[in-house]
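The values are calculated or read from the model by the stated rules, or taken from the named source; none is laboratory data. Remember, it's a predicted structure, so these values are computed and weren't measured experimentally. Glycine gets a Cβ as well: all are built from the backbone with ideal geometry, and neighbour counts include every protein chain shown.
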Amino acid sequence: MSKNERNEKMKKAISFAIAVFVAVGIAPLAGIPSNAAQSGVFGYEIENGKATVVEVSASADSEVTVPSVLGGYEVAKIGEKAFYGNKNIIKINLPETLTEIGINAFALCSNLKSVNIPSSLIRIKDYAFNGCSSLESVIFPETLEEIGSLAFNNCRKATFSAIPKNVTRIGVNPFVWCENAVVALEEGNERYVITSGCLVDTAKKLLVCGTDTSGIPADGSVTEIGDYAFAECKKMTEIIIPDTIEKIDAAAFFLCGKLKSITVPSSVKSLGLFVFSGCYELESATINEGLTELPQRTFGVCTSLKEDSLPRSLTSLSKNAFDKCSSLEKLTFHGNAFISDGFVPSEYLPEKSGLTVYYEPSFSAGFSTPDWGGYPGYPIGGATVVYGDADGDGKVDITDAMLVFYHVAKKAPLPDEALAGCDTNDDENVDIVDAMRIFYFVAKKIYTYRCVRTIWRYYI
């Protein structure tokens, strides 16, 4: 199996997992409630003198027309999970009496291609069309006031008309994983605006959703990036998070597979779960001062991540924050280790022999050099090393001489952290001359070069 095939398989798996995690309202379809009436293929209930469709029979045709009246009552709602998981239905005709499509009403109707949204509709509730992967076109009526969280999640083929001016509530990105969606807004909406290519809730200063080409407004009009706001923006290669942002919610950049680097400014005080999870090509990340917690799978399955910098303000690190970050080479701590939480490095960091940890000498509680919990550990900025000390034990002996000989013979290359101390003649090269000098020093044949003299060595 190729790397691309593995990544695609992993992508599908993690997409499913996080969808289940967030869309907690989805549950298996139950039968018709005991107090429901039956009319043809429909089960319905009466509430406040109006009928609510609560179930459709599995025997329903591929084209279903919901009547405007059931049992003598006007049909006002499609109830929660009423059509949930029905694989037979391809087309649905809804009545002009309808005011609400309930939570998960048509969720996972994977063969549904066509639905008319009646001009009477006021509310589309959370997850209403979640997983309707064959749905092709949605035209919103002028009467619409609410579009719920993840309402059209994973409607990959669907196109949408402009969001009407009367809409006053939009939940978590309703159009996540809608590959053909181009979010537009009718003029005159008093709650929402399109700015820098993003849909923004002006009342909450919340960025609801963006696209591959969007930029995050830096004028203070946005202080929070919402759940799934940029999820699966597959063409996004870079994004600047301005220092006006205070909070980034769950999965905000989930599966932005082309994103190369990210810097979280010090203004950000809170991250949600999975924020950068599945960013397969992310190579570097910097989190500046201000953040206190790195939640679950912040960088989960970021398989190209090579280096990350953690701020001094960080006091809590999730055990799986770096889950499956198999390429991580450099992790820089600007504060003390999490010894108060019983921090065990191997339980929190990737199992990768090439990972080196750096820390600030003035915030070194819980760290050790040259080994920290099974990982090479070195202070940021510099440390005293001994000329000729290849193994970092503070002395020059036959072991050091042999290590340098092996390095020169290309049988066991020395790590970068040891090379400066073994360059005994300061020619910026560790070669046979250095190996012989160290050997002669150990044999007490020569004393004229600078073994045992300490120097300040810069690491990063």
message = Filter the range 160-177 down to the residues that are surrounded by fewer than 20 Cβ atoms within 10 Å (Cβ to Cβ) and under 25 Å from the mean Cα position of the chain (by Cα) and list them by number.
response = R169, G171
inquiry  = Could you check the range 292-315 and list, in sequence order, the residues that are surrounded by fewer than 24 Cβ atoms within 10 Å (Cβ to Cβ), free of Cβ contacts under 8 Å to residues at least 40 places away in the same chain and either touching a helix residue (DSSP H, G or I) at 6+ places or on another chain (Cβ under 9 Å) or in a loop (DSSP other than H, G, I, E, B) (or both)?
reply    = T292, P295, Q296, S304, K306, S313, L314, T315
query = Name the residues in the range 37-71 that are within 23 Å of R123 (Cα to Cα), surrounded by 14 or more Cβ atoms within 10 Å (Cβ to Cβ) and among the aliphatic types (A, V, I, L, M), would you?
reply = I46, A51, V53, V54, V56, V64, V66, L70
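Looking only at residues in the range 126-141 that are within 19 Å of E96 (Cβ to Cβ) and in contact (Cβ under 8 Å) with a residue 24 or more places away in the chain, which one is surrounded by the most Cβ atoms within 10 Å (Cβ to Cβ)? Give the derivation first.
Keep residues of the range 126-141 that are within 19 Å of E96 (Cβ to Cβ), which gives 128, 137-141.
Subsequent filtering for residues that are in contact (Cβ under 8 Å) with a residue 24 or more places away in the chain retains 128, 140-141.
Numbers: A128: 27, F140: 18, P141: 16.
Top of the filtered list is A128.
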request  = Looking at (1) assigned to a loop (DSSP other than H, G, I, E, B); (2) buried (at least 22 other Cβ atoms within 10 Å of the Cβ), find the lone condition where V208 falls short.
outcome  = (1)
task = For residues that are of a type in the set (V, I, T) and either part of a loop (DSSP other than H, G, I, E, B) or modelled with pLDDT under 80 (or both), scanning just the range 373-398, find the one that is nearest to G354 (Cα to Cα).
result = I380
task = Being crowded, with 24+ Cβ neighbours inside 10 Å and on the phi > 0 side of the Ramachandran plot is the filter here, so list the residues in the range 222-254 that pass it.
result = Y228, A251
remark   = Scanning the range 276-291 residue by residue, those out of contact with any strand residue (DSSP E or B) (no Cβ under 7 Å at 6 or more places or on another chain) and either within 22 Å of S346 (Cβ to Cβ) or outside any loop (DSSP other than H, G, I, E, B) (or both) turn out to be S277
